[in-house]
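Beneath this line is the structure, given in structure tokens, with notes to follow.
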Amino acid sequence: MSTKHIGKQTVILQKPPSIVAGASVVGEKEGNGPLRRCFDYISNDSYFGEKSWEKAESVMLKQCFSLVANKARIAPSDIEYIFSGDLLNQCVGSTFALRESGIPFFGLFGACSTMAEALSLAAIFIDGGFCDCAAALTSSHFCSAERQFRHPLEYGGQRPPTSQWTVTGAGALILKSEGPGPYVTHITTGKIVDAGVTDANNMGAAMAPAAYDTLKTHFEDTGRKPNDYDAIVTGDLGGVGREVILDFFAADGMDLSSILMDCGLLIFDTETQDVHAGGSGCGCSAAVLASHLLPEMTGGRWKRLLFAATGALMSPVTTQQGESIPSICHAVALDMNREC
């Protein structure tokens, strides 16, 4: 019988691994946002010196991986597994970025939830004794995502107020069996939730029910309450999705308005930057986690964080065929106290 599985969907790690380093690389628009001083590297060239958006995304992720290895003071050859994914077909952003690494690789797709998925699996591998060091990383690029999921930029289509701006950014973490923290202590793996939303320009409404389901399950499985955390951070519901999930919890008699943040609202200033409902994309929550959330913990402001990344599990074809948008959310509890 498992001694790590609690409740319906949550595992508690017996030997919580430590996140020993995080790194982020973003584009110019992100570098002009509220977190401009947090990022490790801001590129003023959206092509990152390449000839296509897709190659640019791979170069960006490769650069981010190099940065995190340097910050952790570890040789890439000492990393035993890489867990990575992105929004592009066949996860080519990650594949081409890491094809020369020589490190065992798990390619993942969880849409914008990919960083939480990668972080979960890296932590489980270490806690299970399958390795001592693993990396979790992901990326997205505004231009490559627009070409794949909506229209090439040359089309110049109108964006409705509910739409979100795909972040040009990458985030990378290195986890080890030992370290000063923060530690990955609990993981609540989400299940697919489909609220019937068919509008691909309203990702917040499509993903909010999945976030609500996972967070509610996390509280039930662990016996914790929202105020047991210094912050609960979703990614990326944007302004629309955040209001939806707040309404869901309000109907349960729970007010999360003072504690619930969203990566899509942290990375951009929705008043001064033309991003409509906020940011989105794999790289959004990844870059915010690596550059802002983790330093808030290591700097002493927060002791315990619940990171809940959300993803819309759709494809351009299913959207064009009129399918609804299934979504998912994975929640990862981080704690500066290993014996929490």
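Read-outs: derived from the displayed coordinates by stated rules, not from any lab. What you are looking at is a predicted structure, and each value in this text was computed from that prediction instead of being measured. Using ideal geometry, Cβ is built from the backbone for each residue, glycine included, and neighbour counts are taken over all protein chains shown.
Have a look at G169, G235, G102 and tell me which one the Gaussian network model of the chain (Cα, springs below 10 Å) gives the largest fluctuation.
Result: G102 has the largest fluctuation of those listed.
Which order do the peptides 326-332, 12-18 take when ranked by the mean count of other beta-carbon atoms within 10 Å per residue, highest first?
Result, highest mean first: 326-332, 12-18.
What does a probe at N227 reach in the stretch 314-337, counting residues whose amide N is under 20 Å from the point 7 Å along Cα→Cβ?
Label zone hits: none.
Rounded to the nearest 5, what % of DSSP beta bridges with both residues in the chain are antiparallel?
Rounded to the nearest five, the antiparallel share is 65 percent.
Could you give the size of the charge dipole of the stretch 5-176 about its Cα centre, using +1 on the Cβ of each K and R and -1 on the Cβ of each D and E, expressed in debye and rounded to the nearest 20? Spell out each step's value before the answer.
On the way: 15 positive and 16 negative charges, 59 e Å.
Here the stretch 5-176 has a charge dipole of around 280 debye.
Which aspartates and glutamates, if any, have their Cα less than 18 Å from the Cα of K55, not counting same-chain residues under 8 positions apart?
The qualifying aspartates and glutamates are E28, D45, D86, E100, E146.
Can you put W53, W302 in order of Cβ neighbours within 10 angstrom, beginning with the fewest?
Values: W53 23, W302 20.
Going from sparsest to densest Cβ surroundings: W302, W53.
Please give the peptides 238-247, 311-320 ranked by average Cβ packing (other Cβ atoms within 10 Å per residue), highest first, as a rough proxy for protection.
On the way: 238-247: 22.0, 311-320: 17.2.
Going from most to least packed, we get 238-247, 311-320.
I'd like the antiparallel share, as a percent to the nearest 5, of DSSP beta bridges with both residues in the stretch 53-186. The partial results should precede the final answer.
Numbers: 8 of 17 bridges.
Beta bridges within the stretch 53-186, antiparallel portion: roughly 45 percent.
Assign unit charges at the C-beta atoms only (+1 for Lys and Arg, -1 for Asp and Glu), then state the dipole size of the stretch 183-335 relative to its Cα centre in Debye, rounded to the nearest 20.
Approximately 440 debye in magnitude.
Arrange T234, T138, T270 by Cβ neighbour counts within 10 Å, fewest through most, would you?
T270, T234, T138
Measure off 7 Å from each Cα along the Cα-to-Cβ vector at Q320 and S257, then give the distance between these two points in nanometres to one decimal.
4.3
Given H placed on each backbone N at 1.01 Å, which residues far from H330 in sequence or on other chains put an amide H within less than 5 Å of it?
The answer is G190, A309.
With contacts defined as alpha carbon pairs under 8 Å and 6 or more residues apart, what's the relative contact order of the stretch 55-214 in percent?
Once normalised by length, the contact order is 23 percent.
Among E54, E339, E80, which comes first, second and so on when ranked by fewest other beta-carbon atoms within 10 Å? Write down the numbers at each step before the final one.
Values: E54 20, E339 7, E80 16.
Exposure proxy ranking, most exposed first: E339, E80, E54.
Structure shown: which of K15/K303; K176/K225; K8/K191 lie over 20 Å apart, alpha-carbon to alpha-carbon?
K176/K225
Below 8 Å, C-alpha to C-alpha, sequence gap of six or more: please give me the relative contact order for the chain in percent. Kindly include the intermediate steps, with their values, before the conclusion.
Working: 870 pairs, mean separation 85.8, N = 340.
Over the chain, the number comes to 25 percent.
Quick query: amide H of A21 versus all other amide H atoms, modeled in the peptide plane; which residues come in under 5 Å with a sequence gap of 5 or more or a different chain?
For A21, whose amide H was placed from the backbone, the distant partners under 5 Å are I174.
Of L256, L88, L237, which has the largest mean-square fluctuation in a 10 Å C-alpha GNM of the chain?
With Cα springs under 10 Å in the chain, the top fluctuation among L256, L88, L237 is at L256.
So for each of 189-196, 94-101, 160-167 I average, over its residues, the number of other beta carbons within 10 Å; can you give me the resulting order with the highest mean first?
Ranked by mean Cβ neighbours within 10 Å, highest first: 160-167, 94-101, 189-196.
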